[in-house]
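Written out below as structure tokens is the structure these notes cover.
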Amino acid sequence: MSTIQFWHQYRLLSLPGLLLAFRLCTTNAFAQADIEFFESKVRPILVEHCYECHSAEKGKTHGNLALDTKQGWSEGGDSGSAIIPGNTEESLLIKAIRHDDASL
């Protein structure tokens with residue numbers, strides 16, 4: 001399965017999870033259920049499809065973007081902030097997952 005097919009198949013799952021990730025990046029107070037959802041539904045997708053190229057732990061941060069740390073999500077990479085709290089439609093990570101911008 002190609003990456004594009006994967007993201008289209010799991011689009012409904014990943015978007016709510018990424019919205020949760022935005023909230024986790026902007027607040028220190030979140031529910032245990034939120035953590036469990038992120039760890040069981042979102043992180044496995046990131047590990048399988050993103051961390052190969054965007055992981056500080058692996059020493060690879062294409063575009064200077066690390067998605068395996070809260071700091072990496074918050075700071076973003078060469079193209080700007082990966083997430084824009086309160087404005088998911090303008091967040092580069094959402095655009096990349098949706099393949100809305102061929103340059104990402």
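The values are calculated or read from the model by the stated rules, or taken from the named source; none is laboratory data. Keep in mind the model is a prediction, meaning the values are calculated, not measured. Don't worry about glycine lacking a Cβ; one is built from the backbone with ideal geometry, like all the others, and counts go over all protein chains shown. Please note that ligands, DNA and RNA were not included when accessible areas were found on the heavy atoms of the full protein model with its side chains. Shrake-Rupley method; radii C 1.70, N 1.55, O 1.52, S 1.80 Å.
Take the residues of the range 64-98 that are of a type in the set (Ser, Thr, Tyr) and under 13 Å from the mean Cα position of the chain (by Cα): which is least open to solvent (accessible area, probe 1.4 Å)?
Top of the filtered list is 91.
Which numbered condition in (1) surrounded by 11 or more Cβ atoms within 10 Å (Cβ to Cβ); (2) under 14 Å from the mean Cα position of the chain (by Cα) is the only one that residue 39 fails?
Every listed condition holds for residue 39 apart from (1).
Out of the residues in the range 45-63 meeting the condition of being small (Gly, Ala, Ser) and either open to solvent by 50 Å² or more (accessible area, probe 1.4 Å) or in a helix (DSSP H, G or I) (or both), tell me which one is nearest to residue 77 (Cα to Cα).
Once the filter is applied, the top-ranked residue is 63.
Could you tell me whether the range 90-103 includes any residue that is modelled with pLDDT of 75 or more, in contact with an Asp or Glu (Cβ under 7 Å, 6 or more places away or on another chain) and of a type outside the set (S, T, N, Q)?
Initially, the range 90-103 is screened for residues modelled with pLDDT of 75 or more, giving 90-103.
Now restrict to residues that are in contact with an Asp or Glu (Cβ under 7 Å, 6 or more places away or on another chain): 95.
In the following step, the residues that additionally are of a type outside the set (S, T, N, Q) were identified as 95.
Yes, that holds for at least one residue.
Identify all residues within the range 64-79 that are part of a loop (DSSP other than H, G, I, E, B) and closer than 21 Å to residue 38 by Cβ; write none if there are none. Step through it out loud before you land on a result.
Our first condition is that a residue be part of a loop (DSSP other than H, G, I, E, B); within the range 64-79, this holds for 65-69, 76, 78-79.
Correct list: 65, 66, 67, 68, 69, 76.
Given the conditions (1) among the polar types (S, T, N, Q); (2) touching a helix residue (DSSP H, G or I) at 6+ places or on another chain (Cβ under 8 Å); (3) at pLDDT 85 or above, and given that residue 64 satisfies all but one, which numbered condition is not satisfied?
The number of the failed condition is (2).
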